[in-house]
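The values are calculated or read from the model by the stated rules, or taken from the named source; none is laboratory data. Since we're looking at a predicted model, the values are computed, not measured. Glycine gets a Cβ as well: all are built from the backbone with ideal geometry, and neighbour counts include every protein chain shown.
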Amino acid sequence: MGLFSFFNRKNGSVNHVDSADSSAQKLSETSQGVFLEKDKPLNGISAESYSSSSSEHGINLLFQFLEKNYEKKGYDDALMNPDNTHLEQNIAALKNELERTIRKVKTFYEDFIREINFHISSRTRSGMIDTVEELNAKKETAESHIRQVLEIEKEANESKGVAQGIVLSYTRGFRNGLAAISHHSIMNRNF
């Protein structure tokens, strides 16, 4: 019987070790889930973001900037500093940010078209007709986008068009902030 208890004790300790190993493994998986990102892509770029990387630098970047609602920013700025020079400075800052965004987008498309031209000439020499046609289609799309960017830039310089929405939105918010200050400090007083 002592022999069997020896085996049982050995099996019991093995089971105990197995359960300790599984507990340690569960703890390790839990702490990894809390502290580590699993399946993190190399260089921070996932397959999805890599395929859409041109949209982050192309005309969509400009449209994202133009489509933002700056009314809340204007309102908050008015509450912090209700001075018209502050309004004018912030409008100038928004216009400068728009100009920087336009320059980024234009630079992106200029570089992209240069790269496409290289691929077109290289693939033409290799006789890859279908690939060259696809590249030409991409080039036409990029040229179309850059024409739109140039049109938006021209309209912004003339203070009209879609770029004017930024100024209008910010100004509306700033004026609403001024009205809120007046309402709170003057209109609510009983005298």
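Summary table below
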item: Selection count where residues are surrounded by fewer than 12 Cβ atoms within 10 Å (Cβ to Cβ) and part of a loop (DSSP other than H, G, I, E, B), scope region 115-134; result: 2
item: Members of region 144-176 that are at pLDDT 90 or above, of a type in the set (Lys, Arg) and more than 24 Å from the chain's Cα centre (by Cα); result: LYS154, ARG172, ARG175
item: Answer residue from region 135-179, given it is among the β-branched types (Val, Ile, Thr) and closer than 21 Å to GLY74 by Cβ and is surrounded by the most Cβ atoms within 10 Å (Cβ to Cβ) among those; result: ILE166
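Okay, residues lined up against (1) assigned to a helix (DSSP H, G or I); (2) in contact with a Gly (Cβ under 8 Å, 6 or more places away or on another chain); (3) in contact (Cβ under 8 Å) with a residue 12 or more places away in the chain:
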site: ASN136; (1), (2), (3): yes, no, yes
site: THR141; (1), (2), (3): yes, no, no
site: GLN148; (1), (2), (3): yes, no, yes
site: GLU153; (1), (2), (3): yes, no, yes
site: GLY165; (1), (2), (3): yes, no, yes
site: SER169; (1), (2), (3): yes, yes, yes
site: ARG172; (1), (2), (3): yes, yes, yes
site: ASN176; (1), (2), (3): yes, yes, yes
site: ILE181; (1), (2), (3): yes, no, yes
